[in-house]
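The structure under discussion appears below in the form of C-alpha cells.
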Amino acid sequence: MALAARLWRFVPLPRGVFPGPRLSRAVAGGRGRGCGRRLRGPEVMGNLGAFKRSLLFSALPYLGFEAYRLFSQAAVVHATAKVFGVEEILEQADYLYESGETEKLYQLLTQYKESEDAELLWRLARASRDIAQLSGTSEEEKKLLVYEALEYAKRALEKNESSFAAHKWYAICISDVGDYEGIKAKIANAYIIKEHFEKAIELNPKDATSIHLMGIWCYTFAEMPWYQRRIAKMLFATPPSSTYEEALGYFHRAEQVDPNFYSKNLLLLGKTYLKLHNKKLAAFWLMKAKDYPAHTEEDKQILRSHSGQCCQSAEEKTDSRITSPAVPPLGFNILH
C-alpha cells in the first residue's frame, strides 16, 4: 500500500479534482481535448487493460529505483549488524554480569543461542551454569541447564580454539556434568579438564581464575579418599594424581597475578597450608579469607561455612582430619 501511494504522486492531476487517474482522450474514449473530470466506474472498467499498461510503463523506472534502494539498505543493515551487533551484545552482557543480573543476562544471551560467535557462546555457557547454581532452580532444571551449558561451551571451543575463556568454560562444564554420570566418568573427564585448564593458562597467563581452577584440580586429587583411589586404580592404569604442594603453587600464582581477587583462593591457601601442617601461614591466609569483603552470596557462604571453623582449627591444632574439604572430591565446584 505504501508503494501504491507513492506511485500516485507520479500521475498528474488537474486542479480541483480528487486524486484519480487522468487519462488521455484515446484511453478515456472522449471527444475533443483531454478530459479533466473524474472518470466514472464503467469508463475505467471498460479500459482497464489500457489503464494498467499505462500505469505499469510509468512505474517501471520508479520500481527499479525503489528495489535498488531497499536492497541496498538491507545490505548495509546486515553488514552493520555483523560488524557492530555482536560487540554491543557483549558489552551489554558484561555489564549485566558485573551487576549480578543473572536472570536478565541469561534472557539476553539465549536470544542469540544460534550464534556462531565464540565470545558470545562461552558467555552463554557461563550464564546457563549460573542459572543452574541459583537456589530457586529445581534439580530437574539444573540438570538440563548443566548439559545446555556444556553444549554452548563445546560450540564456543569449536568456533575458536584460541579462546582461553572457551577452554576454561568447557573444562568447568565437563566437571559439572560429572555429577550426573558417575565416578568412572568423573575420573575419565579429569584428564580432559586438566588439559583445558592448562591450555587456558597457556593462552592467557594473566587469568587468575584459570590458575585458581588448576589449583582446585590439584587439591581435589591430592585429597582424594583412599577408597576412591582404589576405585580409580581399578578403572584406570594411571589415574589422575596430584599433591598439596602443586595445589599451593597454583593458588599462590593466582594471588600474584591478581591479589585478593577471590575469597575462595584465600580460603584454599589457608586450607592447603593446614594440610601441609604449617599452622602460622594457614592462620594468616584463613584470617584474610575471614576478613574478605562479602560481595557475592558465595563470599558470604564461604565466610559462614569455612573461615570461622578453619581459623579456630589453625589456632588449636594442625591435624588435617579436623577440616572438611572445601571442594568435594571429583565433583569440585568451580566458579568464574
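The values are calculated or read from the model by the stated rules, or taken from the named source; none is laboratory data. From a predicted model like this one, the values you see are computed outputs, not experimental measurements. All Cβ positions, glycine included, derive from the backbone under ideal geometry; neighbour counts span all protein chains shown. Ligands, DNA and RNA are stripped out before the accessible areas are found, and what is left, the full protein with its side chains, is counted by its heavy atoms. Shrake-Rupley method; radii C 1.70, N 1.55, O 1.52, S 1.80 Å.
For first residues located in the range 191-213 and under 18 Å from Asn160 (Cβ atoms) and touching a residue at least 40 places away in the same chain (Cβ under 8 Å), partners that are of a type in the set (A, V, I, L, M) and surrounded by 15 or more Cβ atoms within 10 Å (Cβ to Cβ) and lie 6+ apart or on another chain with Cβ distances below 6 Å form the pairs Ser210/Ala200; Ser210/Ile201. Please specify each residue of the range 222-240 satisfying the condition of being among the aromatic types (Phe, Trp, Tyr) and either part of a loop (DSSP other than H, G, I, E, B) or closer than 23 Å to Lys264 by Cα (or both). Listed by number, the list holds a single entry, Phe236.
So for the range 91-110 (the condition being at pLDDT 95 or above and assigned to a loop (DSSP other than H, G, I, E, B)), does at least one residue qualify? Scanning the range 91-110 turns up no residue that is at pLDDT 95 or above and assigned to a loop (DSSP other than H, G, I, E, B). If you filter the range 159-182 down to residues that are among the acidic types (Asp, Glu) and in contact (Cβ under 8 Å) with a residue 40 or more places away in the chain, you find that the one that is nearest to Glu114 (Cα to Cα) is Asp176.
Hey, any hits in the range 116-137 for a residue that's of a type in the set (S, T, N, Q), modelled with pLDDT of 95 or more and at negative phi?
Let us first name the residues in the range 116-137 that are of a type in the set (S, T, N, Q), namely 128, 133, 135, 137.
After this cut, where a residue has to be modelled with pLDDT of 95 or more as well, the list is 128.
From the residues that got through so far, the ones that are at negative phi too are 128.
Yes, the range 116-137 contains a residue that is of a type in the set (S, T, N, Q), modelled with pLDDT of 95 or more and at negative phi.
Any residue in the range 208-221 that is assigned to a helix (DSSP H, G or I) and open to solvent by 20 Å² or more (accessible area, probe 1.4 Å)? Yes, the range 208-221 contains at least one residue that is assigned to a helix (DSSP H, G or I) and open to solvent by 20 Å² or more (accessible area, probe 1.4 Å).
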